[in-house]
Amino acid sequence: MTARTPRLEIDLAKIGHNVRTLIELYGAKGIKTIFGVTKGVCADPVIARVYKENGISVLADSRIPNIRRMQDAGLPGPYLLLRLPTLSEAEEVVKYADLSLNSEIAVVRALAGAALASRRIHKVILMVELGDLREGILPPDLNAFVREVLSLKGVELAGIGTNLGCFGGVEADEKNMSFLSSLAETLESEFHFKLQFVSIGCSNVYSWLKNVDETRRIDNVRVGDSLLLGGRDLREHGIQGLHCDALTLVAEVIEAKVKPSVPWGTIGLDAFGSIPKFDDRGEMRRLILNIGRQDFFYGLVYPRVDIEVLGASSDHLIADGKDSGLEVGDEVAFDLDYGAMLVAATSPYVHKIYLNREDTP
Ligand SMILES: *Cc1c(COP(=O)(O)O)cnc(C)c1O
C-alpha cells in the first residue's frame, strides 16, 4: 500500500448513485429540481461534476470562493449562493452567482443596483422564517417585501424558500410545509405570477418527504449531506437505497503500546485549555493515529474496526485499540458525519483520492 495518509477516499460511483436515486425518490413526490449543495466538500469540482452528470442542474454553495472554484474548473452553472449575501459583496454575487437566497431588502436593492450596472439579471429566492430562527423574512412582512422586489430592475423574483433543521433543530412537518405551500399560492394569485422555485432544505426534510404522497406547491429541495453521506446523520440513519459510505477517512497507526489509561504527574490544562478527565480502566493497548483537529472533527468520526476514540490533539488521535491487533503502519478507516467531512475536505493536510473516477483529470 503506497497511498499516503491521512487521506479522504471519495467514491464517485457511490455519490453518482446517491444523486440519481434521490432525484428519483424526490421526483416521485413532486420535487422537480434539486439544488446540489457542495459546501460540505469545499466545492470539490470533481464531486460537483458528478452531481451535474447525474442530473443536478443548479450547483449551490454558501461561499463565493467555492463557486469560483467550480467555475475555474470549467463547470457550467447555474450557480446559487446559499448564505445571505453581505451588502459589500453584492457586485461579486451578481458576477459569480446566477441566483441567491435573500431576506434583507437593503441587500436585494444592492444586488439590483450591481446587476443593472453590469447589465445582468440576478435571480433571488426569498427566504421565509418558519421557526428554525436562522434566516428568513417573517411571514407578515412577505407581501410588502415581494412588492418592492417586483418593482426593482436588475433582479427577478425566482421563488420563495425556507430553511429548517439547521439552527433551531425545527423539523419539516405537515403544518409548516403546508403553510409554505399556502404562502406560495397566495403570492401567486395576488401578484399574478408563477414562482419558479418553492424551495426547502436541508437534508433533514427527508423525514417529512418520505411520508407524504406529494408536496403540493413545494417543488425544490436544497441538499448536500444526503447526496454525499446518504443521510447517515438523519434520524433514519441513512436513506433507504443510498450509500452512507461514499467518503472514507483513512489514517495510520504511528504508535501502538500498552500503557495505563490515566495520565500521571501534575495535571494542568490540555492543549485546548480544558482540564481532561479519565476513567481508570487499567492498562490498555493505546493507539496513536496521524490525524488531529486540523484534519477532522474528532467527536464525529466512526472507526470501521472495533477501537474507541479517546480524544485528539491538533495532530494526533488517541484510541483504545481494544482487541483490534492494530500495529504501527496499519491503516484505520473511518466513516464521517457532516462536520468531520467538512473539516477533512477543507484540510490541506488530508489527501483526496477519488475512486471510480470516469473522466480524465
Ligand atoms: C447547507 C445548506 C443546505 C444543505 O444542507 P445539507 O444538510 O447539506 O443538506 C440547504 N440550504 C441552505 C440554506 C444551506 O445553507
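The values are calculated or read from the model by the stated rules, or taken from the named source; none is laboratory data. Bear in mind that the values here come from a model prediction, so they are computed numbers and not experimental data. Virtual Cβ from ideal backbone geometry, glycine too; neighbours counted across all protein chains shown.
Only one of these is more than 25 Å from the chain's Cα centre (by Cα) and at pLDDT below 95: L289, L326, L310. Name it.
On the way: L289 fails: at pLDDT below 95; L326 fails: at pLDDT below 95.
Of L289, L326, L310, the one residue that is more than 25 Å from the chain's Cα centre (by Cα) and at pLDDT below 95 is L310.
Could you go through the stretch 33-41 and let me know if any residue there is without any contact (Cβ under 8 Å) to a residue 60 or more places away in the chain, within 26 Å of G339 (Cα to Cα) and in contact with a strand residue (DSSP E or B) (Cβ under 7 Å, 6 or more places away or on another chain). Write out each step before concluding.
Filtering the stretch 33-41 down to residues without any contact (Cβ under 8 Å) to a residue 60 or more places away in the chain leaves none.
Scanning the stretch 33-41 turns up no residue that is without any contact (Cβ under 8 Å) to a residue 60 or more places away in the chain, within 26 Å of G339 (Cα to Cα) and in contact with a strand residue (DSSP E or B) (Cβ under 7 Å, 6 or more places away or on another chain).
Does any residue in the stretch 129-153 that is free of Cβ contacts under 8 Å to residues at least 24 places away in the same chain come within less than 9 Å, Cβ to Cβ, of a residue that is within 16 Å of the ligand (Cβ to nearest atom) six or more places away or on a different chain, and which pairs are these?
The qualifying pairs are L138/V128; L138/E129.
Taking into account only those residues within the stretch 140-187 that are part of a loop (DSSP other than H, G, I, E, B), within 18 Å of E214 (Cα to Cα) and out of contact with any Lys or Arg (no Cβ under 9 Å at 6 or more places or on another chain), which is farthest from the ligand (Cβ to nearest atom)?
Keep residues of the stretch 140-187 that are part of a loop (DSSP other than H, G, I, E, B), which gives 152-154, 164-173.
Restricting the remaining residues to those that are within 18 Å of E214 (Cα to Cα) gives 171-173.
Then keep just the ones that are out of contact with any Lys or Arg (no Cβ under 9 Å at 6 or more places or on another chain); that gives 172-173.
Working: A172: 12, D173: 17 Å.
Once the filter is applied, the top-ranked residue is D173.
Hey, among V205, V198, V221, which residue is within 17 Å of I31 (Cβ to Cβ), in contact with an Asp or Glu (Cβ under 7 Å, 6 or more places away or on another chain), within 16 Å of the ligand (Cβ to nearest atom) and not in a loop (DSSP other than H, G, I, E, B)? Before you say what the answer is, go through the steps one by one.
Values: V205 fails: in contact with an Asp or Glu (Cβ under 7 Å, 6 or more places away or on another chain); V221 fails: in contact with an Asp or Glu (Cβ under 7 Å, 6 or more places away or on another chain).
Of V205, V198, V221, the one residue that is within 17 Å of I31 (Cβ to Cβ), in contact with an Asp or Glu (Cβ under 7 Å, 6 or more places away or on another chain), within 16 Å of the ligand (Cβ to nearest atom) and not in a loop (DSSP other than H, G, I, E, B) is V198.
Going through the stretch 98-111 one residue at a time, which ones are of a type outside the set (S, T, N, Q) and buried (at least 23 other Cβ atoms within 10 Å of the Cβ)?
Our first condition is that a residue be of a type outside the set (S, T, N, Q); within the stretch 98-111, this holds for 98-99, 101, 104-111.
The answer is L99, L101, V108, L111.
Take the stretch 73-92 and flag every residue that is over 20 Å from G224 (Cβ atoms) and either buried (at least 18 other Cβ atoms within 10 Å of the Cβ) or among the acidic types (D, E) (or both).
Going residue by residue through the stretch 73-92, those that are over 20 Å from G224 (Cβ atoms) are 74, 86-92.
Correct list: E89, A90, E91, E92.
Kindly check whether there is at least one residue in the stretch 199-217 that is closer than 30 Å to R120 by Cβ, of a type in the set (A, V, I, L, M) and buried (at least 18 other Cβ atoms within 10 Å of the Cβ).
yes
For the stretch 112-130, check the following and say yes or no: at least one residue is within 16 Å of the ligand (Cβ to nearest atom), part of a loop (DSSP other than H, G, I, E, B) and among the small types (G, A, S).
Initially, the stretch 112-130 is screened for residues within 16 Å of the ligand (Cβ to nearest atom), giving 123-130.
Now drop any that are not part of a loop (DSSP other than H, G, I, E, B), which leaves 129-130.
Checking which are among the small types (G, A, S) leaves us with none.
No, the conditions are met nowhere in the stretch 112-130.
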